[in-house]
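The values are calculated or read from the model by the stated rules, or taken from the named source; none is laboratory data. All values reported here derive from a predicted model rather than from experimental measurement. Glycine also receives a Cβ, built like all others from the backbone with ideal geometry; neighbour counts cover every protein chain displayed.
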């Protein structure tokens, strides 16, 4: 069930104030108006969304202020509550004049996607996905047939994100040397399978994990496989709500670890609000691609 106090803490407690209380120092020279960089020794945390979100650029940590409290001090969600209650409504004490870097210019996603090279057998991207990532050729052919993958430079593969209108709006980018998202694009959802006829929505954290899970499950009829691209912002949440038919089941098939549990909690709340059934599916390995291809996953 949705926890009202946790929602209130997420709204009332600023991640920047939490880091200050924990003794972390703001790196003003490396911060911007929309991304405040904090340091504690060699550790780094970037705070985004006006103090409501954060991520660790050196590791897998990310999430909201509840996850930040657990990242800093360990313990359970109950311990996080106790630590955060005294900080509700407290603003960060430091107010530097951040360098206001211009946001990336919006891209013409549909045009750029249409002009990008298709993924083909024998290409660098194909070798990366079948070799390093261990995805079967049949899985890639299914994704290619659905128009969901393109190939960039140096073996980097693009995985299409769309909003409810099904038009391209951005893409996840994964390759031997790169992991990111299209600059100027909108992170919505990658999905394979037809949501209008699906009864089960398996939500993962990356497109490669979505394809890996589908492969492991044998592509059952009635399941759509989705990826949030590693986040769960308002566009992603709105897109998912818009795709859901009248009834069905959301399965949080997220990674093992704190970030995966946080996203699973968000998906559970969304399912409850939509009167949807909810399920949790965890990989035995770190993520679904590592479970599919344990020796060489990266």
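Data for the structure
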item	result
In region 150-177, the residues that are under 26 Å from residue 134 (Cα atoms), over 18 Å from the mean Cα position of the chain (by Cα) and without any contact (Cβ under 8 Å) to a residue 40 or more places away in the chain	150, 151, 152, 153, 154, 155, 156, 177
Residue in region 247-262 that is crowded, with 23+ Cβ neighbours inside 10 Å, over 23 Å from residue 284 (Cβ atoms) and either in contact with a strand residue (DSSP E or B) (Cβ under 9 Å, 6 or more places away or on another chain) or outside the structural domain of residue 71 (by TED's automatic domain parsing) (or both) present	no
Those residues of region 33-56 which are over 18 Å from residue 233 (Cβ atoms), exposed (fewer than 15 other Cβ atoms within 10 Å of the Cβ) and touching a strand residue (DSSP E or B) at 6+ places or on another chain (Cβ under 9 Å), in sequence order	39, 40
Residue that is surrounded by the most Cβ atoms within 10 Å (Cβ to Cβ) [pool: residues in region 263-283 that are out of contact with any strand residue (DSSP E or B) (no Cβ under 6 Å at 6 or more places or on another chain) and at pLDDT 95 or above]	283
Tally, over region 91-124, of residues that are in contact with a helix residue (DSSP H, G or I) (Cβ under 6 Å, 6 or more places away or on another chain), at pLDDT 95 or above and over 21 Å from residue 169 (Cα atoms)	1
Scan of region 205-223 for residues that are in contact with a strand residue (DSSP E or B) (Cβ under 9 Å, 6 or more places away or on another chain) and either under 25 Å from residue 179 (Cβ atoms) or at pLDDT below 95 (or both), ordered by number	205, 206, 207, 208, 209, 210, 211, 212, 213, 214, 217
Selection count where residues are without any contact (Cβ under 8 Å) to a residue 40 or more places away in the chain and either within 16 Å of residue 201 (Cα to Cα) or part of a loop (DSSP other than H, G, I, E, B) (or both), scope region 284-298	5
Restricting region 18-68 to residues that are part of a loop (DSSP other than H, G, I, E, B) and within 23 Å of residue 287 (Cβ to Cβ), the residue that is modelled with the lowest pLDDT	60
Filter result for the condition that a residue is in contact (Cβ under 8 Å) with a residue 60 or more places away in the chain and closer than 19 Å to residue 54 by Cβ, over 242, 229	229
Residue list for region 217-241, restricted to those being out of contact with any helix residue (DSSP H, G or I) (no Cβ under 9 Å at 6 or more places or on another chain) and closer than 21 Å to residue 165 by Cα	234, 235, 236, 238, 239
Selected residue (only one of 180, 231, 184 is surrounded by fewer than 19 Cβ atoms within 10 Å (Cβ to Cβ), in a loop (DSSP other than H, G, I, E, B) and within 12 Å of the chain's Cα centre (by Cα))	231
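Every residue, every condition in (1) crowded, with 19+ Cβ neighbours inside 10 Å; (2) at pLDDT 95 or above; (3) touching a strand residue (DSSP E or B) at 6+ places or on another chain (Cβ under 9 Å), yes or no:
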{"residue": "126", "(1), (2), (3)": "yes, yes, yes"}
{"residue": "138", "(1), (2), (3)": "no, yes, no"}
{"residue": "150", "(1), (2), (3)": "yes, yes, yes"}
{"residue": "155", "(1), (2), (3)": "yes, no, no"}
{"residue": "160", "(1), (2), (3)": "yes, yes, yes"}
